[in-house]
Amino acid sequence: MDDKTLIARRVALELKDGDLVNLGIGLPTMVAQYLPVGIDVSFQSENGIVGMQALPVGATPSADLTDAGGAPIGALPGAFAFDSAMSFGLIRGGHLDVTVLGGLQVDELGQLANWMVPGKMVPGMGGAMDLVSGAKRVIVAMTHTAKGQPKILKRCTLPLTSIRSVDLIVTEMAVIRTTPEGLVLCEVAPGVTVDQVLAATQAHLIVTDDVSVMSVAA
């Protein structure tokens, strides 16, 4: 199982029946493929749809039906589309149960940097700032390191997406929860040791006696 699939499968276990969920572009979109059996959630995209699904096999992509990153999607029966004002009203109004976002960096305060690297061309922040500030629960799905360098730092060096702390960080190595006391290491991936996680993390992690092995959705 590759790293991105492992992360997506673990994040899928965090979703509950009836949740309204936003999936960020890239890795987070994979989460929809691995929902546990019997879990029914509605996926929202900030460009204006609730009820989206992956483009069905064999379906013809439509330029009028895409996710926030411009990738073609499908729509479930009963899905509905609306303008950006309505979409961001859902987000800013606190109606989203969960958002799953990618990350460039997360720090010891649980603050996320995920929208730009200074000096590089970016299309814009999209809905990231609103999503981190407005969703009831924020999950970061990202690789633990980039080119061998830690992405979970004492302090973010890239521009912050929001001053609000995220709730959970899921990487190919670990599941880490943010708390008022700091970042708590909850789970390690199969075959990964606590020491390996600590070595790949710049931020201080609180390690308790009940760190478990990460389970993933079937």
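The values are calculated or read from the model by the stated rules, or taken from the named source; none is laboratory data. Every value quoted in this text rests on a predicted model; they were computed, and no experiment measured them. Cβ: placed from backbone, ideal geometry, glycine included. Neighbour counts: every protein chain shown. Calculation scope for accessible area: heavy atoms of the full protein, side chains included, ligands and nucleic acids excluded. Shrake-Rupley method; radii C 1.70, N 1.55, O 1.52, S 1.80 Å.
Worth a mention:
- Flag if residue 133 is of a type in the set (Ser, Thr, Tyr), without any contact (Cβ under 8 Å) to a residue 60 or more places away in the chain and open to solvent by 40 Å² or more (accessible area, probe 1.4 Å): yes
- Of all residues in the stretch 11-47, those satisfying the criterion of being over 11 Å from the mean Cα position of the chain (by Cα), more than 17 Å from residue 135 (Cβ to Cβ) and either outside any loop (DSSP other than H, G, I, E, B) or of a type outside the set (A, V, I, L, M, F, W, C) (or both) are 17, 33, 34, 36, 38, 40.
Quick grid of which residues meet (1) within 15 Å of residue 46 (Cα to Cα); (2) open to solvent by 40 Å² or more (accessible area, probe 1.4 Å); (3) assigned to a loop (DSSP other than H, G, I, E, B):
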| site | (1), (2), (3) |
| --- | --- |
| 58 | no, yes, yes |
| 68 | yes, yes, yes |
| 77 | no, yes, no |
| 96 | yes, no, yes |
| 100 | yes, no, no |
| 117 | no, yes, yes |
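- Pairs meeting the criteria (first residue in the stretch 40-67 and on the phi > 0 side of the Ramachandran plot, second residue in a strand (DSSP E or B) and polar (S, T, N, Q), beta carbons under 7 Å, at least 6 apart or on different chains) are 51/42.
- Taken over the stretch 79-92, the criterion of being open to solvent by 90 Å² or more (accessible area, probe 1.4 Å) and either within 9 Å of residue 50 (Cα to Cα) or assigned to a strand (DSSP E or B) (or both) is satisfied by 80 alone.
- Qualifying residue in the stretch 142-155 (condition: open to solvent by 10 Å² or more (accessible area, probe 1.4 Å), over 24 Å from residue 215 (Cα atoms), polar (S, T, N, Q) and touching a residue at least 12 places away in the same chain (Cβ under 8 Å)): no
- Of all residues in the stretch 68-82, those that are more than 21 Å from residue 130 (Cα to Cα) have Cβ atoms under 6 Å from Cβ atoms of residues that are open to solvent by 50 Å² or more (accessible area, probe 1.4 Å) and not in a loop (DSSP other than H, G, I, E, B), 6 or more apart or on another chain, in 74/53; 76/53.
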